[in-house]
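Heads up, the thing below is written out as structure tokens.
The values are calculated or read from the model by the stated rules, or taken from the named source; none is laboratory data. Because the structure is a prediction, the values reported are computed rather than measured. Neighbour counts run over all protein chains shown; Cβ positions are idealised from the backbone, glycine included.
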Amino acid sequence: MFFLKPNQSREGNQSMDLALGAMGSLLPKLGELLKEEYKMQSSVKRDVGAFSRELESMSAALRRVAEVPRDQLDEEVKLWAGDVRELSYDTEDIVDSLLVRVKGLKPDSDMNGFRELMGKMKSLFKKGKACREIATAIKDIRKQVQDVAARHERYKADGIFANAAVATRITVDPLLVALYKEQQRLVGINSTRDELIENLRLDDDLSNQPKVLSIVGFGGLGKTTLAKAIYDKVRSDFDCTAFVSVSRSPDLKKVFKDILFDVDKEKYLNLKGAALDEKQLIDQLQESLGAKRYFIVVDDIWDVSAWQTIRYALMGNTHGSKIITTTRNVSVSTECCSCNDDMVYNMKPLSDGDSQRLFYNIIFPGDNMCPPELHEVSMNILKKCSGVPLAIITLASQLSSNQQIKPSSEWYFLLNSIGSGLTKGDANLDEMRRILSFSYYDLPSHLKTCLIYLSIFPEDYIIDRYRLIRRWIAEGFIQGDNLFELGESYFNELVNRSLIQPLDIDIEGMQIGCRVHDIMLDLICDLASEENFVTVLDDIKGNTPLERKVRRLSLQKIELMDTQLATRSISQLRSFTIFGPAINQKLPLSRFEVLRVLDLEDCIVEKSDHLNLSCVGDLLHLRYLGLRNTKLLKIPAEIGKLLFLQTLDLRGVHVNAEELPASFVRLRNLMFLYVSGVTYLPVGYRNLTSLRELTKVHFTQDGDPEELPYLTELRVLVFHLPSRYHPEKLLILFESLGKLQKLQSLYLFSDDESIDIMGDWVPSSLPLRNIRLGGWYERMPTRISSSLLPLVFYLDINVHQVRLEDIQVLGTLPALRVLHLLSDVDTATKEERATQRSFMLRADSFPCAIEFSVPHVLLPPYMLTRGAMPLVRVLRFGLLVSDILRGGQWDWDLGIGKLPALKTVWIKLYGEEKTSSRYSEAEAALVRAVPNHPNHPRIMAF
């Protein structure tokens, strides 16, 4: 959150840490205050240095607190840690407020002469005043720091931390309970168990290396239970077997001893008193396994390094042995399955039917009949569980008591408690919370912060990946170089650890968004509330006061009383997010003096009399302003005052709000700008030198494309050209685009049906990965080649005349995943068509393509070659009816058997009316072309 341009790094590359509050970003800012430019008195500098050292000591202590589950911390330590975090927030707010004033007083670069001189004098006067205010504030802050430090010493918290840490290490992993669940609870796994056993036996060649099956999935899905069911079913087929658990803090010597005990009890007893290191234990284990055919389950592996050590002891055997691993981490499962014969199984939730059977087996043993009056509430409870066995068993156990059915009021109470935090005090729910919390406490500090931040979003909410990462950046959770790329790695790691559920995949194979499982959401909401990290208001009635200082506020399903939002507790608000009807109330935005994030996405403000965005210019700390799909009538001119704004999302504002204010060009820290399709850039946009993404802007006839090269950080550019854009300006535009050396995605749209003036131009000599060009080329540009566009994975282009040689050239693009090529209907002569029938793709064509769409290009019927398009899933192209029927309708073969990944084929038939018999014969021939393909792809004429 410090005021650095995106490409600058901060010493240490510290990330925001939940346990530290704002400490991680505060300490570098205190260092900034000591710089010569602030001209502070030496006594003040000494104060800053002294309490910086105090804060560093506190920071170290807080990190140790973060390693201990909260329920194992002494109450005094919790209070002390909370005080330190709150102090760090208050201190950062004060320092930020002063730095914003000082840094925001610099005169604009376009001032000159007398105005520039007067501006500098005014700036110096105000900077001096700000420095005096800093000195006063520093004294107050240091006094608070000393008070908290004294409390730290008084409670002797260090010893408490150490004791708690020891307690954590010796805690028994409750996942082991899954090994001994009653058989009636094992619902819905038999078919999966048998399928996986069959896969394990497919290569029963006793000369093979051990085959590994890795079961991966969200905590509580039943990975251990499934592994144990397979183990029990097949263990008698092997010479020796073992089932061991690794757990979150592995003692690998104990793991090796446990395996040794199971496979060779006599040797284990002989070595029991010996002090052996890991290498010696591995040697003993390999000796015991020797020429035996073994089956070993290694349960609950948390990190790659643990498996890499264990595999040394197990992978030397060549007698057809089998190994099963279970993990919550996709990266670990991938590492376990390093050979071609190995298999990763992604654990799936229970079906609705199996969920119901498991639930009723526990509550209504014997007849499994649910009384009619409890059917609806039971279905709603199961919906919350989303097929997670751990959640189903836990909640069912909560409702079963000595085989007495609890009254419906308790069922509804339990239903309503899910989604507002896990109920504490019940042993079953506490156990489930503890199992889920293992995944949370295993995270590095920066990922804990990023995960718990998701408590801002409502239950079942689809969270857009890009929106989330931009908010993480604005909050200061991501620091260093390449902020967005770091954010993507954080998101991917949460997916890999099965902590968030990915939704949809884009053309790069990246998740478009995610959801948080209801049970996990309850856990992180509890943690967020305990740490005063996020305050969620979703069902409060009446005039409930907000007692604590609110740092991040999420209004979800309610409308607050005016007095609730007028209290002093919200003046320190850093993040304000509104969902749904809560927008229809008076919001005192002007009082949120240190607000960093304001997100109103999907809240319709068009007719709201309560929301006044004219005061947005007073929110000088603002980094993120989300106004997407708000139908905002006018973009406020005051936006130009937000000198530290990083993200501005104006997609979906009112159609008449098409003009950005002239002051907008002062936003030099803006990185992400998203506007509607009719918004124009004002003159002077060259000043936006931090921009990384600029989407859907209009270039006017009067606009200056020569300003574009100044946007040197640009990665994504989506823009629209007006009709009859001046040819000279178009050439300047092309030249300017060539200077954007970091550009990765370019979408160019035009109102003109033809932009033949583009000639042979194609953006090249850039790290381009995504190219979408509106308008039409007369012929395929010769600059489209593997040497000039080696990274392009998406190409969307319109060409009037496409030759088959052009398809061959496109097939050489090494990274191309999606091709959309629109053309005129084929105009080849009969002679040319006869020559083209012999055309075939090269065997190495389109090596990465997953979608090949050339709907108006007439392809020869036998062009597919084995080896070409090995990954393609979707085909769209044109065929002549006569080509299909030429060899007789029963003999034609499309050749799709050569495409192993194919799922769907769309073919445009030409040369006959749809009502003709020949057209129908050709359609029938298409259908007969697919029966023998293992994927049974759909094939359709259109």
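Determine whether LEU285 is assigned to a helix (DSSP H, G or I), over 38 Å from the mean Cα position of the chain (by Cα) and under 30 Å from MET347 (Cβ atoms).
Yes.
Sort out which residues of the stretch 513-525 are at pLDDT 85 or above and surrounded by fewer than 20 Cβ atoms within 10 Å (Cβ to Cβ), and write them in order of number.
GLY513, ARG515
For the stretch 777-800, check the following and say yes or no: at least one residue is of a type in the set (Phe, Trp, Tyr) and touching a helix residue (DSSP H, G or I) at 6+ places or on another chain (Cβ under 7 Å).
yes
Do you know which residues across the stretch 260-302 are of a type in the set (Asp, Glu), out of contact with any Phe, Trp or Tyr (no Cβ under 8 Å at 6 or more places or on another chain) and within 27 Å of LEU213 (Cα to Cα)?
If the condition is that a residue be of a type in the set (Asp, Glu), out of contact with any Phe, Trp or Tyr (no Cβ under 8 Å at 6 or more places or on another chain) and within 27 Å of LEU213 (Cα to Cα), then ASP264, ASP283, GLU287, ASP300 are the ones that fit.
Which of the residues that make up the stretch 669-686 are within 13 Å of GLY640 (Cβ to Cβ) and in contact (Cβ under 8 Å) with a residue 60 or more places away in the chain?
Residues satisfying the conditions are ASN669, GLY684.
Being within 29 Å of MET347 (Cα to Cα) and over 32 Å from the mean Cα position of the chain (by Cα) is the filter here, so list the residues in the stretch 374-395 that pass it.
Within the stretch 374-395, HIS375, GLU376, VAL377, SER378 qualify.
Looking at the stretch 440-455, can you tell me whether even one residue there is farther than 21 Å from ILE578 by Cβ, aromatic (Phe, Trp, Tyr) and at pLDDT below 95?
Scanning the stretch 440-455, I find at least one residue that is farther than 21 Å from ILE578 by Cβ, aromatic (Phe, Trp, Tyr) and at pLDDT below 95, so the answer is yes.
Whether any residue in the stretch 290-301 is β-branched (Val, Ile, Thr) and more than 28 Å from ALA391 (Cβ to Cβ) is what I want to check.
Checking the stretch 290-301: at least one residue is β-branched (Val, Ile, Thr) and more than 28 Å from ALA391 (Cβ to Cβ).
Would you be able to say whether some residue in the stretch 612-630 is surrounded by fewer than 19 Cβ atoms within 10 Å (Cβ to Cβ) and among the basic types (Lys, Arg)?
No, the stretch 612-630 has no match at all.
Name the single residue, out of those in the stretch 381-434 being assigned to a loop (DSSP other than H, G, I, E, B) and among the hydrophobic types (A, V, I, L, M, F, W, C), that is modelled with the highest pLDDT.
VAL388
Does LYS279 satisfy being in a helix (DSSP H, G or I), over 36 Å from the mean Cα position of the chain (by Cα) and either modelled with pLDDT of 90 or more or outside the structural domain of TYR441 (by TED's automatic domain parsing) (or both)?
yes
For the stretch 639-684, give me each residue that is β-branched (Val, Ile, Thr), at pLDDT below 90 and outside any strand (DSSP E or B).
The answer is VAL653, VAL655, VAL683.
If we only count helices (runs of 4 or more DSSP H) wholly inside the stretch 188-274, which ones have 1 or more residues that are under 32 Å from the mean Cα position of the chain (by Cα) and crowded, with 20+ Cβ neighbours inside 10 Å?
190-201, 223-234
Taking the stretch 328-373 as the region of interest, how many residues are assigned to a helix (DSSP H, G or I) and either aromatic (Phe, Trp, Tyr) or under 25 Å from the mean Cα position of the chain (by Cα) (or both)?
To start, the set of residues in the stretch 328-373 that are assigned to a helix (DSSP H, G or I) comprises 330-336, 352-363, 372-373.
This time we only want the ones that are either aromatic (Phe, Trp, Tyr) or under 25 Å from the mean Cα position of the chain (by Cα) (or both), so: 330-336, 359-360.
Residues flagged as assigned to a helix (DSSP H, G or I) and either aromatic (Phe, Trp, Tyr) or under 25 Å from the mean Cα position of the chain (by Cα) (or both) within the stretch 328-373 amount to 9.
Would you confirm whether any residue within the stretch 580-591 is in a helix (DSSP H, G or I), touching a strand residue (DSSP E or B) at 6+ places or on another chain (Cβ under 6 Å), modelled with pLDDT under 75 and not basic (Lys, Arg)?
There is at least one residue in the stretch 580-591 that is in a helix (DSSP H, G or I), touching a strand residue (DSSP E or B) at 6+ places or on another chain (Cβ under 6 Å), modelled with pLDDT under 75 and not basic (Lys, Arg).
Which residue, of THR700, THR689, is in contact with a Phe, Trp or Tyr (Cβ under 7 Å, 6 or more places away or on another chain), more than 25 Å from TYR466 (Cα to Cα), surrounded by fewer than 20 Cβ atoms within 10 Å (Cβ to Cβ) and touching a residue at least 12 places away in the same chain (Cβ under 8 Å)?
THR700
Assess whether LEU746 counts as being at pLDDT below 90, closer than 24 Å to ARG692 by Cα and either among the aliphatic types (A, V, I, L, M) or over 35 Å from the mean Cα position of the chain (by Cα) (or both).
no
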